[in-house]
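Trainee: Can you keep this structure in mind? I'll have questions shortly.
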Amino acid sequence: MIRKHWKKIVVALVGILLVGDIAASFFFYNLAIKRGPKTFLEGNADLEVSAESLDEMLEGEWREWVATRDFEEIQMKSRDGLNLTGYYLPAKEPTDKLVIFTHGYLGHAKQMGLFGQYYYEELGYNIFMADARGHGESEGDYYGFGWPDRLDLIDWTKLLVNKLGEDTQVVYHGLSMGAATVLMASGEKDLPSQVEAIVADSPYTSVYNLLAYQMKRMFKLPAFPILDSTSMVTKAKAGYSLREANALKEVEMTNVPILYIHGKADTFVPTKLAIELYDHTNSEAELMLVEGANHGESFVLEKDAYKERLNSFLSHYIH
């Protein structure tokens, strides 16, 4: 009788834990991956930036520059049927140089005008920036964290090469989630040969690693088992798992040169993730670490050094 009693207790406890885990997995899917407002990030100390950065991002001259450019709006249907929107701006003078920008989590395409102005005005590039699925004017009811987005990026590249010509020299420049996106595309077999160089600013190694870090930091929770269950929900609802969304495996296979840039004071996406990516990159790679810069701040805080390093890197691969 006692043994049966304990068995019932154990079964009941296991059932409670299982139900709790399932509930938590749906909670975290809705919290981080489902499209919509993300109030949990409001007041997050890891996303606090300097007054200089905040002023540049909110009031910088680049915003007026973006607003007064005559971008051509381009539509594309993704492989899984989503209508995606991008924005193309031809260079002032004819050129075969094209930079494709990929923005960060919860952002939108034209925020990459922070970098686009420089490529356009000083380097003379054609520029293109797209709203990632689930962002801006693009369809999608979830955030891909770079994984399904990598295929969208490849298809945007093919569309633009078809539009501009086979001799187009393409640079990918991504920030945060956008940096992970360009890295996740870097090792794909159908990556167009026109992609000559990649700039990854503030990237992460994999979605699982990033969210595991954030769960521990924000919620004081271990990754297992909740994140693994969340991954299963993500696979069912969004078509990808958190472990397969892996930039590290892609850079181990890439042949495209990569410039990594990361702030040394980044506590939202730890600097060690960029170092790990750099250490595992199969192609020629460079690493620029910026003293005192938090997440995505490097360009604003060290603009001259950033431009100098960017120019040096690009001059080796774009002619």
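The values are calculated or read from the model by the stated rules, or taken from the named source; none is laboratory data. Here the structure is a predicted model, which means the values were calculated and not measured. Here the Cβ positions follow ideal geometry from the backbone for every residue, glycine too, while neighbour counts run over all protein chains shown. Each accessible area value is taken on the protein alone, full model and side chains, heavy atoms only, with ligands, DNA and RNA left out. Shrake-Rupley method; radii C 1.70, N 1.55, O 1.52, S 1.80 Å.
Trainee: Among (1) assigned to a helix (DSSP H, G or I); (2) open to solvent by 10 Å² or more (accessible area, probe 1.4 Å), there is one condition Glu188 misses while meeting the rest; what is its number?
Mentor: Exception for Glu188: condition (1).
Trainee: Among the residues of segment 53-90, count how many are outside any helix (DSSP H, G or I), in contact with a helix residue (DSSP H, G or I) (Cβ under 7 Å, 6 or more places away or on another chain) and among the aliphatic types (A, V, I, L, M).
Mentor: 3
Trainee: Given Leu227, Leu277, Leu310, which one is in a helix (DSSP H, G or I) and closer than 21 Å to Tyr143 by Cα? Lay out the reasoning, then the answer.
Mentor: Details: Leu277 fails: closer than 21 Å to Tyr143 by Cα; Leu310 fails: closer than 21 Å to Tyr143 by Cα.
Just one listed residue meets the conditions, Leu227.
Trainee: What residue, of Ser315, Ser283, is among the hydroxyl-bearing types (Ser, Thr, Tyr), at pLDDT 95 or above and over 20 Å from Phe115 (Cβ atoms)? Spell out how you get there, then give the answer.
Mentor: Values: Ser315 fails: over 20 Å from Phe115 (Cβ atoms).
That would be Ser283, the only listed residue that is among the hydroxyl-bearing types (Ser, Thr, Tyr), at pLDDT 95 or above and over 20 Å from Phe115 (Cβ atoms).
Trainee: Out of Pro203, Pro222, Pro192, report the one residue that is without any contact (Cβ under 8 Å) to a residue 60 or more places away in the chain and closer than 22 Å to Asp155 by Cβ.
Mentor: On the way: Pro203 fails: without any contact (Cβ under 8 Å) to a residue 60 or more places away in the chain; Pro222 fails: closer than 22 Å to Asp155 by Cβ.
Residue meeting the stated conditions: Pro192.
Trainee: May I ask you to list pairs of residues, at least six apart or on different chains, whose Cβ atoms are under 6 Å apart, with the first in segment 63-82 being more than 30 Å from Gly239 (Cα to Cα) and the second being aromatic (Phe, Trp, Tyr)?
Mentor: Close Cβ pairs (under 6 Å, with a partner that is aromatic (Phe, Trp, Tyr)) amount to Phe71/Tyr87; Glu72/Tyr88.
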